[in-house]
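A quick write-up on the structure given underneath.
The values are calculated or read from the model by the stated rules, or taken from the named source; none is laboratory data. This is a predicted model, so every value here is computed, not measured. Cβ atoms come from the backbone with ideal geometry, glycine included; neighbour counts cover every protein chain shown. Side chains are part of the model used for accessible areas, which takes the heavy atoms of the whole protein and leaves out ligands, DNA and RNA. Shrake-Rupley method; radii C 1.70, N 1.55, O 1.52, S 1.80 Å.
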Number of protein chains: 2
Amino acid sequence: MRSFLALFIFSIASLHAEEGMWTFNNFPGEKVRQKYGFAPTQQWLDQVRLSSVRLAEGCSASFVSPGGLVLTNHHCAATCIQELSTAEKDYAAKGFLAPAESGELRCPSQEANVLTEIVDVTPRIAGVTKGLASKAANEARKAETSRIEKECATTESLRCEVVSLYGGGVYNLYKYQRYQDVRLVFAPEQAIAFFGGDPDNFNFPRFNLDMSLLRVYEKGAPIKTPHHLKWSASGPKQDELTFVSGHPGGTNRKNTIAMLELERDLMKPTTLFYLAEYRGMLTAFQTRGDEQRRISQDELLGVENSFKAFKGQHQALLEAKFFDQKKAEESDFQKRVNADPKLKAEYSGVWKDIAGAVQRQRELYIPYLYFERGYAFRSDLYRHARRLVRAAEEFPKPNDKRLPEYTDARKPEIRQATLSAAPIYPEFEIETLTFSLTKLREALGPDDPAIRELFGKMSPRDLATETVKRTTLMDVAARKALLEGGQTAVSTSPDPMIALAKLVNPIASKIRKQMEDEVESTLIGGLEKLAKARFAVYGTSIYPDATFTLRLSYGSVKGWQENGKTVPPFTILGGAFERATGRDPFALPQSWLEAKPKLDLQTRFNFVSTNDIIGGNSGSPIINKDAELVGLIFDGNIHSLGGNYGFDESLNRAVSVHSSAILQALEKIYGARRILGELKAK
Amino acid sequence: MRSFLALFIFSIASLHAEEGMWTFNNFPGEKVRQKYGFAPTQQWLDQVRLSSVRLAEGCSASFVSPGGLVLTNHHCAATCIQELSTAEKDYAAKGFLAPAESGELRCPSQEANVLTEIVDVTPRIAGVTKGLASKAANEARKAETSRIEKECATTESLRCEVVSLYGGGVYNLYKYQRYQDVRLVFAPEQAIAFFGGDPDNFNFPRFNLDMSLLRVYEKGAPIKTPHHLKWSASGPKQDELTFVSGHPGGTNRKNTIAMLELERDLMKPTTLFYLAEYRGMLTAFQTRGDEQRRISQDELLGVENSFKAFKGQHQALLEAKFFDQKKAEESDFQKRVNADPKLKAEYSGVWKDIAGAVQRQRELYIPYLYFERGYAFRSDLYRHARRLVRAAEEFPKPNDKRLPEYTDARKPEIRQATLSAAPIYPEFEIETLTFSLTKLREALGPDDPAIRELFGKMSPRDLATETVKRTTLMDVAARKALLEGGQTAVSTSPDPMIALAKLVNPIASKIRKQMEDEVESTLIGGLEKLAKARFAVYGTSIYPDATFTLRLSYGSVKGWQENGKTVPPFTILGGAFERATGRDPFALPQSWLEAKPKLDLQTRFNFVSTNDIIGGNSGSPIINKDAELVGLIFDGNIHSLGGNYGFDESLNRAVSVHSSAILQALEKIYGARRILGELKAK
């Protein structure tokens, strides 16, 4: 952390090098050609796009065989793996390999998307918002979005999303093929997938086989995937040009200083304090026993990962030189706007409007986080209850008046989530719900009217125990009945978890409405204007902030300088054996210890490259100029965490599993001949 | 918290009202007379000073009878109460009342001090540091301090401390009578002492009987205390003048902006993340069972209290208007210094020197915190081991070359701590040590050479379990043998906890030395210069930052405005019954429920006043102009937390138990006639 503080400095010079998460319809091929002598053709782009997969819960992936085989990270399949596991069959601990197609197991709540088309809908959105004040414009924008998506989603197998790019400078409709039958084919043991655990997370050198293989099915059979990536057995060389095709989740590089200050001073600390305490609770819960350890493992890893990632982002914002750089960029932008009378008249007031909305956001943020964003209710059962209560309330409304996540275009996800067979563990539910309810009461204070209404004379533990123990929502059939029974079924349900969700719903909806009307509308409108001003001032060959839509970044395999020393770009399999202590998280699985004599320990294992990525890119293929898979993105280095706000090519690195390590592990450690045959069928 | 963020704004006008934690030899009597028509005489000051008690672990108290009876907070005696409790006799849960003197129980590790004399030693310190560079000056200052303290501490019953005031502008020798036999006389149940628990902590209205009574013994008999406070049965009226005599632990009001920035951006977040996670761990540990709950309760309450207090301080630093005010004050100070050529020549470079030292502090802070300040080793057994290892290393050195806490003047505390009969619970020790070792490895990274040396192939849990299970330090006799056996005994000891402390000691000592030589010496020298400049610019009628030495503050009983509403200054006993839910932390003890019919529910229970206090003032008597005890300080309101950096009379409030509530509880709830007889013997 010390070195991070000392070195995390953006220089103006580096800002315009390999930075960028480019959309497939605005890729700067010419710029790449100038540096590397190669630019992707349209055919190349189409092939890569159609080979790329989005996992709807928040990851990236790619097709790697003609038979629907999907390569992604182990941590992207971790929820599926845990949901399929039991105390007797613990696939997280022991790994999983389906011996035949018939043994491939369906993930209870996984959805895969493939981007088939991008349509510009900017004029349609602009048409309905023109001349309206920010709140009315926001409502009109949402309604038009719902209409466009509904028109597009003619079958359940199409997923249609209107995406705001450049903070609203451009609106595109993204059309995906939707697949809800995704099955687990192979996963190594957690111990090697996440070797080094939290201590090594976001660090390098690294020794992780963070991979898993899934397969997409339709109507009970694997789909055909003529578009898939060929495999490069030799992987990339140092300095070789690499591309990453994936779905970066979100960045805030275009946010104003007022927005970044709120993030630095309120949002990040609030989240970090919450996660830190939750982590402590979860770690101690794990000491209750082996089964408790197993059922809480996925949640703990997620919390640890978020904590470390957000902490890195917070550090970046606290770095005075970095923040001064952001301020200088904003000043430069403002100066250029003010230098042109027309731009000045139109845009110079935007920063102040945004700052005003941010002030209001500061007041609403805590209750919004707790009531609407789930901080108060960490419980799968509660999430089911809330979804059912909201669905009952929203579905009867006209499509374009609903909350966006309950429109007709979203119904397949609602249904899949409600009917998911993922196991729920009451003992764990009680602890996590007790924790979050305690934090809720602490955040708002015991005298807040909503708190008094929720708790009455009950303690957080009383309320959690009562609702978890007495609810019927453990049962998929009960949830199905409530989903299908709609408003009547929900309003007459005596279920205590449904009752809790009904009590919370008006409070949460009210604060969400306030946030939308008084904050979000101004921020969206303001950023949209700044996006237009930015086009006017800096031109259009810029990339939009990440939005969990498909992007292509380019870079090359390269180490970096840390404390005056060079960090080399590659590690080898042998390094894992050297680093192992036999104790979690530095314990290698038995399979590796046994296979050691058979392995070529000089085989490259992990590597770093300058590709500009961020959370959501996990599982992305990293490919060479021939569109061959040379590796699998699974992490960024510690410096990359500041990538939420800016990119520094001298320090930010993407971390991948090397393609040859994957082949060697599948062959020599896991004996996965069936899969190897598929991969080599290129 | 929202209201706190919105309202926590210092106005220049209010800065110079009732602010101030004044030393007894520089009290601004004339200023008090102008406002209230009363000023303390020297006799008044002496009587109050000699009635005031410091509890060495970090609290304040007062004598309230001629027979050595001491009134302080329940939370100031909480460690003693827990140390005296067992699973069968849980005095924290059930309360404690000694039926007769013979039933008063000795606290295993409590020490009481009474300030008998203040001597100015500024010339002696100035004499040895004159003309020296900062590192040499620092060493000379420490050596002279050790000499002065040793000359003073002619017997073990004298505690002598050289105190740096005004950041080193003045050095005073504080001479205390030291008492190590302190016994528990009375404590109510935790449930009413801390009614409302963490949710109500630092809030008001409040309903706490946060009191306990101790008695000071010498040679097996209670001491005579002719100087003690008389009791005011009626307590204070609204707007009545009140004084608080106590030991505020520390404030940073005179720190430079560079120092405050480090605190805001690194120190406070680091501490808060650590405490938040530790709290989560402890809360979950409590669910293991009743006994685990009991043995971890004191630690959890301490952690929760620190977390909330530090969070409030952090919020104050994040409040832009407040920070801008601090910046404006520094600018004003710098401008005045620069306006005078002589002052400019001498002092204008000091801020830059301090900023340079702060930069170095930023680099050293994390390892310093973990290795030297105990963040890595949360374990009573480890603390014993470290004390023994350091004592063995330090005692053979000449007195003035030792670490200050191991000089001859400090030996009685070392001995008392080592031989304390306080119970230690291995199950809890393993969990807390595992936690802190895990955080150590996380903070420094698994590849840090010190981490590799400490852990080898062991995990944090291995190391904690191994050392706790195999150590002999649970046994007082084993500790005694090592203390008395000195260097030979310690160096040949096979004890694994001693071995761990021996391994850590050179690492910790080195980083401490770096911190002293490269940071502390410059900060001390710099602040000393700024103190002199401040005297030159603003005159001497200012008060020094708090230093856990006796101070007198004045103020009056007054509510405040919050979100446009007035918070009245008093609560009544009946309010506790209204607030009770029957569930922890809002459950009243059985004794209160049973006594309810006998109580006068209109009796005033808690109240607020404008006195300027801070952590360490807990247990301070709050008195009227006749030096009668009208209440017992136990908390500050949420706004008072910013008091670490500045005082805002419109919002900062001290919170006390009302004197008449104490009398009524002792009489009608606890039937404590023996004590009441003593209190009334005035």
**Request:** Looking only at the stretch B:385-397, decide whether some residue is within 22 Å of the chain's Cα centre (by Cα), without any contact (Cβ under 8 Å) to a residue 40 or more places away in the chain and surrounded by 18 or more Cβ atoms within 10 Å (Cβ to Cβ).
**Result:** yes
**Asked** Which residue out of A:ALA328, A:ALA284 is out of contact with any helix residue (DSSP H, G or I) (no Cβ under 7 Å at 6 or more places or on another chain) and of a type in the set (A, V, I, L, M, F, W, C)?
**Response** A:ALA328
**Condition broken by A:ILE542, with the remaining ones in (1) surrounded by fewer than 20 Cβ atoms within 10 Å (Cβ to Cβ); (2) farther than 20 Å from A:ALA661 by Cα; (3) within 14 Å of chain B (Cβ to nearest Cβ); (4) not charged (D, E, K, R) satisfied** = (3)
**Message:** Looking at the stretch B:104-113, can you tell me whether even one residue there is open to solvent by 60 Å² or more (accessible area, probe 1.4 Å), at pLDDT 95 or above and touching a Lys or Arg at 6+ places or on another chain (Cβ under 8 Å)?
**Reply:** yes
**Request:** Could you tell me whether any residue of the stretch B:310-319 is of a type in the set (Lys, Arg) and under 18 Å from the mean Cα position of the chain (by Cα)?
**Result:** yes
**Prompt:** Within the stretch B:246-347, which helices (runs of 4 or more DSSP H) (wholly inside it) include 2 or more residues that are among the acidic types (Asp, Glu) and either within 28 Å of B:LEU71 (Cα to Cα) or at pLDDT 95 or above (or both)?
**Reply:** B:290-318, B:320-339
**Asked** Yes or no: B:GLU57 among the charged types (D, E, K, R), within 24 Å of the chain's Cα centre (by Cα) and over 19 Å from B:SER609 (Cβ atoms)?
**Response** yes
**Options A:VAL567, A:VAL537, A:VAL557; residue that is at negative phi, surrounded by 20 or more Cβ atoms within 10 Å (Cβ to Cβ) and touching a residue at least 40 places away in the same chain (Cβ under 8 Å)** = A:VAL557
**Request:** Only one of these is in contact with a helix residue (DSSP H, G or I) (Cβ under 6 Å, 6 or more places away or on another chain), surrounded by fewer than 20 Cβ atoms within 10 Å (Cβ to Cβ) and charged (D, E, K, R): B:LYS94, B:LYS135. Name it.
**Result:** B:LYS135
**Complete:** The condition from (1) more than 14 Å from every other protein chain (Cβ to nearest Cβ); (2) surrounded by fewer than 24 Cβ atoms within 10 Å (Cβ to Cβ); (3) among the charged types (D, E, K, R) that A:ARG215 misses is numbered (2)
**Matching helices (runs of 4 or more DSSP H) fully within the stretch A:74-136 where at least 3 residues are in contact with a Phe, Trp or Tyr (Cβ under 9 Å, 6 or more places away or on another chain)** = A:78-84, A:122-129
**Request:** Would you mind stating whether B:LYS532 is over 28 Å from B:LEU663 (Cα atoms), surrounded by fewer than 24 Cβ atoms within 10 Å (Cβ to Cβ) and in contact (Cβ under 8 Å) with a residue 40 or more places away in the chain?
**Result:** yes
**Residues (within 18 Å of A:ASP400 (Cβ to Cβ) and surrounded by fewer than 17 Cβ atoms within 10 Å (Cβ to Cβ)) located in the stretch A:148-173** = A:LYS150, A:GLU151, A:THR154
**Message:** Can you pull out every residue in the stretch A:508-528 that is β-branched (Val, Ile, Thr) and either open to solvent by 40 Å² or more (accessible area, probe 1.4 Å) or without any contact (Cβ under 8 Å) to a residue 60 or more places away in the chain (or both)?
**Reply:** A:ILE524
**Message:** Can you tell me which of (1) over 23 Å from the mean Cα position of the chain (by Cα); (2) closer than 14 Å to B:GLU117 by Cβ; (3) in contact (Cβ under 8 Å) with a residue 60 or more places away in the chain is the one B:ILE148 doesn't meet?
**Reply:** (3)
**Request:** Starting from the stretch B:272-290, take each residue that is within 7 Å of chain A (Cβ to nearest Cβ) and list its partners that are modelled with pLDDT of 95 or more and assigned to a loop (DSSP other than H, G, I, E, B), counting only C-beta distances under 9 angstrom and pairs at least six apart or across chains.
**Result:** B:TYR278/B:ARG378; B:ALA284/A:THR287; B:ALA284/A:ARG288; B:PHE285/A:THR287
**Request:** For the stretch A:172-181, state whether one or more residues are basic (Lys, Arg) and part of a helix (DSSP H, G or I).
**Result:** no
**Message:** Among (1) within 13 Å of chain B (Cβ to nearest Cβ); (2) open to solvent by 50 Å² or more (accessible area, probe 1.4 Å); (3) touching a residue at least 40 places away in the same chain (Cβ under 8 Å); (4) closer than 24 Å to A:CYS80 by Cβ, there is one condition A:ARG293 misses while meeting the rest; what is its number?
**Reply:** (3)
**Prompt:** With respect to A:PRO222, is the statement that it is more than 14 Å from chain B (Cβ to nearest Cβ), modelled with pLDDT of 95 or more and open to solvent by 50 Å² or more (accessible area, probe 1.4 Å) true?
**Reply:** no
**Fill in**
Taking the stretch A:195-233 and keeping residues of a type in the set (Phe, Trp, Tyr) and under 17 Å from A:SER620 (Cα atoms) leaves A:PHE202, A:TRP231
**Asked** Within the stretch B:318-358, which residues are open to solvent by 30 Å² or more (accessible area, probe 1.4 Å), in contact with a Ser or Thr (Cβ under 9 Å, 6 or more places away or on another chain) and either free of Cβ contacts under 8 Å to residues at least 60 places away in the same chain or away from chain A (no Cβ under 14 Å) (or both)?
**Response** B:GLU330, B:GLN334, B:ASN338, B:ASP353, B:GLY356
**Request:** Would you point out the residue of the stretch A:225-267, among those that are within 14 Å of chain B (Cβ to nearest Cβ) and under 20 Å from the mean Cα position of the chain (by Cα), that is most open to solvent (accessible area, probe 1.4 Å)?
**Result:** A:MET267
**Request:** Could you list, in sequence order, all residues of the stretch B:188-235 that are under 30 Å from B:GLU156 (Cα atoms), among the charged types (D, E, K, R) and in contact with a Phe, Trp or Tyr (Cβ under 7 Å, 6 or more places away or on another chain)?
**Result:** B:GLU218
**Prompt:** When the stretch A:121-132 is examined, which residues are found to be exposed (fewer than 12 other Cβ atoms within 10 Å of the Cβ) and in contact with a strand residue (DSSP E or B) (Cβ under 6 Å, 6 or more places away or on another chain)?
**Reply:** none
**Asked** In this structure, does B:ALA499 turn out to be without any contact (Cβ under 8 Å) to a residue 40 or more places away in the chain, more than 14 Å from chain A (Cβ to nearest Cβ) and either more than 30 Å from B:LYS352 (Cα to Cα) or outside any helix (DSSP H, G or I) (or both)?
**Response** yes
**Message:** Within the stretch B:572-596, take every residue that is of a type in the set (D, E, K, R) and away from chain A (no Cβ under 14 Å) and give me the one that is least open to solvent (accessible area, probe 1.4 Å).
**Reply:** B:LYS596
**Request:** Tell me which residues, restricted to the stretch B:429-469, are of a type in the set (S, T, N, Q) and in contact with a Lys or Arg (Cβ under 7 Å, 6 or more places away or on another chain).
**Result:** B:THR432, B:THR434, B:SER436, B:SER459
